[in-house]
Amino acid sequence: MIDLHIHSTASDGTFSAIEIVKMAFKLRLKAISITDHDTIDGATEAIQSGIPENLNFVPGIEISASPPEQFPCSGSFHILGYFIQLQNQSLNQTLKTLQEARKNRNPLIIQRLNDLGIDISINDIIVNASNGQIGRPHIAKALISKGVVRTINEAFDTYLGKGKPAYVDKFRFTSEQAIDMILKAGGIPVLAHPVLIKPTNNQPIEYLIEILKGMGLKGLEVYYSDHTELHVKQYSNIAKQFDLLETGGTDFHGNLKPDIMIGSGRGNMSIPDYLYQKLFFAAQLGHDPKV
Ligand code: AMP
Ligand code: ZN
Ligand code: FE
Ligand code: FE
């Protein structure tokens with residue numbers, strides 16, 4: 001089994017990269033990838049701490065992007081990047097822009113919460129973030145600590161989610177820019193959790209994939225915690241149709257998504273090892289998914 005979608009404390013996961021590597025080793029996972037939002041600090045920490053011999057580690061990232069204009073949609077539009085070169089200068093420069101955008105957003109969200117009569121400050125939020133980048137889940141946690149809401153979902157449904165009173169949009173790259181930055185860093189761009197993408201005009205997901213493939217997309221996240229068996233079959237067929245690599249991961253966030261376990265999602269996921277092998281060979285051989 002493998003798990004190619006994991007968040008560490010470098011973004012909004014609650015386990016450090018070192019703890020994640022230890023957990024994966026104990027579970028005898030064959031391969032993992034740390035795919036933090038807009039940062040490679042977790043992946044770097046994992047590599048620096050040393051990866052056990054029987055575990056394969058894929059340096060990864062998850063980038064929030066805006067969907068192509070021809071395919072209006074809501075939901076989470078994220079591009080995963082696998083086997084990126086962590087030292088790549090242009091990647092590191094670009095990530096700084098995204099991290100800056102996040103930093104600028106937090107005070108705006110706090111201001112909105114304050115305007116709603118909620119007494120909350122950046123210090124209440126930082127304590128949940130272990131020196132990593134701050135995201136809305138950290139703010140949600142602070143709202144729980146303050147007794148404003150009971151659960152993270154409630155925090156998103158009442159305040160932080162899109163269209164809710166404390167929602168502040170953040171700067172995003174276009175799909176093309178996100179794919180491009182991953183390719184330029186020697187990585188493999190993969191569309192994350194297609195099930196979370198909700199087309200506004202009832203356009204088929206195949207149309208989106210066709211557009212993204214034209215931009216250089218190389219893979220589709222076929223296995224995901226929220227995918228049913230039917231979804232897996234459907235997305236696997238789409239990947240084959242468009243000659244894309246298939247990947248899979250749980251989107252483990254530790255206690256911030258307590259119902260998702262590393263390696264097994266809601267308990268029943270089993271992502272086959274050969275997906276990792278194919279990804280590995282594609283990365284080795286000039287990123288050609290046909291191999
Ligand atoms: P941010 O990066 O600050 O935009 O926050 C994104 C994170 O918030 C992701 O990890 C999502 O899993 C989480 N998230 C987004 N919407 C919701 C929601 N409705 N309920 C719980 N978590 C959410
Ligand atoms: Zn997250
Ligand atoms: Fe995501
Ligand atoms: Fe994720």
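Observations on the model:
- For HIS78: the one exception among (1) at pLDDT 95 or above; (2) away from ligand 1 (no atom under 14 Å from the Cβ): (2)
- Against the test of being buried (at least 24 other Cβ atoms within 10 Å of the Cβ) and more than 16 Å from ligand 3 (Cβ to nearest atom), the options ILE6, ILE84, ILE18, ILE51 yield a single qualifying residue, ILE84.
- Residue in region 237-247 that is under 26 Å from GLY186 (Cα atoms), touching a residue at least 40 places away in the same chain (Cβ under 8 Å) and within 15 Å of ligand 4 (Cβ to nearest atom) present: yes
- Within region 37-93, strands (runs of 3 or more DSSP E) holding 2 or more residues that are small (Gly, Ala, Ser): 56-66, 73-75
- Total residues in region 4-23, condition within 16 Å of ligand 4 (Cβ to nearest atom) and without any contact (Cβ under 8 Å) to a residue 40 or more places away in the chain: 1
- When region 1-24 is filtered for residues that are within 16 Å of ligand 1 (Cβ to nearest atom), part of a loop (DSSP other than H, G, I, E, B) and over 8 Å from GLY42 (Cβ atoms), the ones remaining, listed by number, are ASP12, THR14, PHE15.
Okay, residues lined up against (1) over 16 Å from TYR276 (Cβ atoms); (2) surrounded by fewer than 16 Cβ atoms within 10 Å (Cβ to Cβ); (3) under 18 Å from the mean Cα position of the chain (by Cα); (4) more than 16 Å from ligand 2 (Cβ to nearest atom):
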residue	(1), (2), (3), (4)
ASN201	yes, yes, no, yes
PRO204	yes, yes, no, yes
GLY219	no, no, yes, yes
TYR224	no, no, yes, no
ALA239	no, no, no, yes
ASP243	yes, yes, no, yes
GLU246	no, no, yes, yes
GLY249	no, no, yes, no
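The values are calculated or read from the model by the stated rules, or taken from the named source; none is laboratory data. For clarity, every value in this text was computed on a predicted model and none was experimentally measured. As a convention, Cβ positions derive from the backbone with ideal geometry for all residues, glycine included, and neighbour counts pool all protein chains shown.
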